[in-house]
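Notes for the one structure printed next.
The values are calculated or read from the model by the stated rules, or taken from the named source; none is laboratory data. Not measured: the values here are computed from a predicted model. So basically every Cβ, Gly included, is an ideal-geometry build from the backbone, and we count neighbours across all protein chains shown.
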Amino acid sequence: MTRIAIYDTTLRDGSQGEGVNFSLQDKLLITARLDDLGVDYVEGGYPLSNPKDTSYFHALRDLPLRHAKVAAFGMTRRRDVSAEDDQGMKALVQARTDVVTIVGKTWDMHAREVLGVSLEENLRMIGDSVAFCAASVREVIYDAEHFFDGFRRNPDYALETIRAAADAGAAWVVLCDTNGGALPEDVAEAVQRVSRAIRIPLGIHTHNDGDLAVANALSAVRNGARQVQGTVNGLGERCGNADLCSVVANLALKYADFEVLGPGQVARITEISRFVYEIANMNFRPGQPFVGTSAFAHKGGMHVHGVRKNASSYEHIEPESVGNERRVLVSELSGKSNIAEKLAEYGLEHDSALLARVLDSVQDMENEGYQFEAAEASFVLLVDRLAGRGPDWFELLNYRVNVTGKPGRDALTEATVKLSVGGQVEHTVSEGDGPVNALDAALRKALETHYPRLREMDLVDYKVRVINDRAGSAARVRVVIESRDRDDVWGTVGVSENVITASWLALRDAFEYKLAKDGRPSRTAIPAAAAGVAD
């Protein structure tokens with residue numbers, strides 16, 4: 001089998017994506033996790049660009065890595081300055097990494113109009129920079145920026161640039177689709193041509209502006225590339241980079257002649273995907289291939305019926321092969337197969353009367369504006385209620401929300417909640433930044449004494465959608481709340497003409513689901529630390 005090296009540039013190229021910002025600790029955590037996954041190269045950043053990257057390369061020396069090589073990234077020397085005197089070149093060597101990656105200009109237009117140098121000087125800049133680094137580090141990777149644009153317009157000069165890098169001692173030449181506009185056939189032709197022109201191994205670095213980054217990366221590998229550069233979840237500038245989750249899954253599971261990562265590691269790519277989302281404080285992308293929460297989700301009754309008989313009828317791979325799981329969605333489109341599949345998860349699939357009640361309720365509730373695709377926790381609680389099982393964790397006696405506003409000042413929101421918990425009345429009041437925040441705080445205050453593990457739970461997203469917008473300000477609204485603890489993420493839903501009521505219904509389900517999934521805990525108050533609350 002042919003080994004394909006995986007080169008991760010999440011920490012450098014991925015951090016250039018809008019809304020992506022990693023702290024120093026974030027970068028070290030991701031480096032360690034990528035090493036544990038079996039990634040071959042981790043690009044740490046540009047050691048001269050900012051203090052954080054400089055600190056990263058110092059801290060890296062105390063980080064024990066078992067497999068991954070960390071690369072310091074930089075550009076070719078400046079024009080009219082020797083490599084020995086260029087501060088950027090010195091910083092790359094002083095980072096003391098085993099690998100240095102240098103990016104240089106391939107496109108003649110870029111050399112003339114962006115760098116403002118002659119084509120001959122650009123060649124010297126490439127050769128001098130690679131040679132300087134190759135004399136001090138074990139491995140130099142040369143990234144040929146805008147290779148496919150340059151090759152299309154002036155193929156002879158594009159090939160001269162990569163020969164300059166190869167002749168100066170580069171261990172790899174990586175062909176970059178920097179603008180993300182290449183097509184798979186363009187990539188195939190260019191890789192074949194370059195393979196005949198130089199003898200060192202090739203890599204591929206693709207951007208996703210044409211929504212073809214993964215396809216182009218696979219095309220390059222099929223035509224001779226032996227390294228793929230990309231980012232976890234496709235993070236990156238503009239439309240992002242090739243998503244390494246998809247690249248790795250396709251190479252490992254669809255091609256029998258390629259080897260990536262280590263034995264059994266492909267089954268962890270969903271884990272690494274969600275880890276990076278969490279570190280970046282970003283929401284998961286549900287429809288992301290292979291690793292998204294919807295990647296193996298089935299909604300149509302016909303699909304679920306087929307999957308129950310033979311999963312391959314509507315799934316191209318087994319979800320477990322990438323560490324994901326199958327999900328059956330429930331909606332007014334659901335047939336009995338969907339409901340039966342969901343009830344099977346709770347050992348209730350043979351209760352035909354319950355199945356009918358659940359299906360009728362789902363269809364009635366969705367007619368009122370409910371949706372359960374993003375609120376599976378509310379569906380689980382609905383089944384519990386219709387099945388007559390599950391304890392009454394608490395009973396709402398009443399709640400009140402007051403919003404007091406004055407001109408030129410922020411509104412003051414106060415929520416009062418009165419509950420019965422095991423026959424004991426709790427009456428609490430809290431202020432918040434808005435009605436939901438105040439209700440959440442008051443509900444926690446009332447319940448955490450009885451159920452300490454609620455301290456582990458956070459609300460992470462809140463969405464409001466108008467259902468019948470023709471009714472204007474009296475329209476019915478749907479509120480979806482996303483919550484999480486140390487183990488799970490779950491969604492709940494509420495619908496009403498009153499946004500506070502809809503929010504309460506979703507909030508109530510969020511708390512009840514947390515209690516139900518953990519089982520009935522002791523009602524004795526315990527300290528947060530003893531409850532195992534994460535910092």
Exercise for the section: Kindly provide the set of residues from segment 194-223 that are of a type in the set (Val, Ile, Thr), under 23 Å from GLU259 (Cβ atoms) and surrounded by fewer than 19 Cβ atoms within 10 Å (Cβ to Cβ), ordered by number. Expected result: ILE200
Exercise for the section: Could you pull out the residue among ALA165, ALA95 that is modelled with pLDDT under 95, within 26 Å of ALA242 (Cβ to Cβ) and not aromatic (Phe, Trp, Tyr)? Expected result: ALA95
Practice task
Take segment 46-56 and flag every residue that is over 12 Å from ARG12 (Cβ atoms), surrounded by 14 or more Cβ atoms within 10 Å (Cβ to Cβ) and of a type outside the set (Ser, Thr, Tyr).
Solution key: LEU48
Problem - Any hit, segment 139-161, residues being more than 34 Å from the chain's Cα centre (by Cα), surrounded by 23 or more Cβ atoms within 10 Å (Cβ to Cβ) and in a helix (DSSP H, G or I) - result: yes
Exercise for the section: Give the number of residues within segment 165-200 that are touching a Lys or Arg at 6+ places or on another chain (Cβ under 8 Å), not in a loop (DSSP other than H, G, I, E, B) and not charged (D, E, K, R). Expected result: 3
Handout entry: Conditions (1) on the phi > 0 side of the Ramachandran plot; (2) within 24 Å of the chain's Cα centre (by Cα): number failed by ASP80
Key = (2)
Completion exercise
Screening GLU160, GLU139 for residues that are over 14 Å from GLN229 (Cβ atoms) and in contact (Cβ under 8 Å) with a residue 60 or more places away in the chain leaves only GLU139
Fill in the blank from the handout: Those residues of segment 219-232 that are touching a helix residue (DSSP H, G or I) at 6+ places or on another chain (Cβ under 6 Å), without any contact (Cβ under 8 Å) to a residue 60 or more places away in the chain and in a helix (DSSP H, G or I) come to a total of 2
Practice task
Among the candidates GLU482, GLU426, GLU431, GLU448, single out the residue that is touching a helix residue (DSSP H, G or I) at 6+ places or on another chain (Cβ under 8 Å), of a type in the set (D, E, K, R) and farther than 19 Å from GLU395 by Cβ.
Solution key: GLU431
Problem - Options VAL425, VAL460; residue that is out of contact with any strand residue (DSSP E or B) (no Cβ under 6 Å at 6 or more places or on another chain) and in a strand (DSSP E or B) - result: VAL425
Practice task
Within segment 418-463, count every residue that is over 22 Å from ASP485 (Cα atoms) and of a type in the set (A, V, I, L, M).
Solution key: 4
Handout entry: Given (1) free of Cβ contacts under 8 Å to residues at least 12 places away in the same chain; (2) under 16 Å from LEU37 (Cα atoms); (3) not β-branched (Val, Ile, Thr), number of the condition ASN281 does not satisfy
Key = (2)
Problem - Among the residues listed as ASP13, ASP53, ASP40, ASP36, the single one being touching a Pro at 6+ places or on another chain (Cβ under 8 Å) and among the acidic types (Asp, Glu) - result: ASP53
